[in-house]
Amino acid sequence: MPAPQATTRATVARLSLGFCRTCGTVQLVDRFALEALRKRNPPVRFREPEAHLPALAEKMLALGVVDARSRVLGLTYIDADLSKALRAGGCQSVDWIDFEAWAPCREDHGLESVAQRVSQSEVARRMRARENAVDVVCARFVLEHAESAYEFMTDLLGLVRPGGHVVVEVPDASKMLALGNHALVWEDHFTYFTEGSLRQLAARLPATVVDMARYPYAYEDALVLILRADGIKAPSISGPRPDAIAAVADGLRAFGLGFAARKDDLHKTLSDSVAAGEKLALFGAGHHAAKYVNFYGLAGLIEFAVDDNPTKQGLFMPGTNLCIRSSKYLLESTVDICICTLAPAAERKVRQSIPAFFERGGRFIPAFNPAQEVGNA
């Protein structure tokens, strides 16, 4: 049976990275309008790193950020796992908002709209009313989606009682930038934090930094910042040293200049495999995979994409005619090589679930340049 064909044209926009010469933060310059990012397909929810959450919950308890009586509010469904860890530690009043199903918000609004919604006074009032006076607000993997990181953090500080805490978590872009993994650039991420730029943001806010920690993973570490909403602002804020700004500029320039060579290398390697009679599939149909295929122009070399999320199956990778299939379809196919876009922990589980693919001589090759895997990634 012939492969199905995509019938709609993808929306295209120019994306470009730049950096702030004052604070050194890497940001999207050319980007999609926020309205263009609204969901038009069945909702696909993102899975973020969670191995470190028991340790984070233990730290929050040890620092006195939370205790058994604290009223804790998670900002999105991504905070559900942290809420579970906090409950296991003895916190009783822990809840999280499902913005995609919450009445004050439209159903087609996802993570790209959270910061905008929190800034609206009526939504903020309703959020505060849920717990009367919120002691702690947790916002994992949302800050990078905000059009203005400073304004969003200011709004979050306004949601908790005076002396309460805000806990935010963001992906650290350092490894992806250094390794030349161009799939880092995402239309939904307006800001690409490093530890230094996150500290610079914290220094500008009317709050005290209680803790900042890094939890290592293979591609992107998780950075966690804990602030106390006490209204205290640093008396003098000095930006990064000029040499630090220059290092950001040099790194971003190298990241951009490496794109053409990386694209050429991939085309040569994969084209050689196809010329030798091997068939290729893409394993993983997440946002990194979509950018990998589109940025490097690889769709013409690939048979189909594989993802076991039933919501994605039967759909197409954005911007391509690559239909998304299940692992069962992969086993029934004659594909020889899977280009793997999964994180190492997820790849290990997949390998265990489809041993027949490897027994027949199939193999996985990494889509990205992985850093040395550490911790529980």
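The values are calculated or read from the model by the stated rules, or taken from the named source; none is laboratory data. These numbers were taken from a predicted model, which means no experiment stands behind them. Cβ placement follows ideal geometry from the backbone for every residue including glycine, while neighbour counts extend to all protein chains displayed. Quick note on the areas: whole protein, heavy atoms, side chains included, nothing else; ligands and nucleic acids left out. Shrake-Rupley method; radii C 1.70, N 1.55, O 1.52, S 1.80 Å.
Points worth noting:
- Among the residues making up segment 261-278, those that are among the charged types (D, E, K, R) and closer than 14 Å to residue 366 by Cβ are 262, 265.
- Residue within segment 269-291 that is modelled with pLDDT under 95 and in contact with a helix residue (DSSP H, G or I) (Cβ under 6 Å, 6 or more places away or on another chain) present: yes
- Residue 331 being out of contact with any Leu (no Cβ under 8 Å at 6 or more places or on another chain) and farther than 27 Å from residue 15 by Cα: yes
- Highlighted here are the strands (runs of 3 or more DSSP E) found entirely within segment 275-377 that include at least 1 residues which are exposed (fewer than 15 other Cβ atoms within 10 Å of the Cβ): 363-366.
- Residue 255, sole failed condition from (1) open to solvent by 30 Å² or more (accessible area, probe 1.4 Å); (2) farther than 30 Å from residue 326 by Cα; (3) of a type in the set (Phe, Trp, Tyr): (1)
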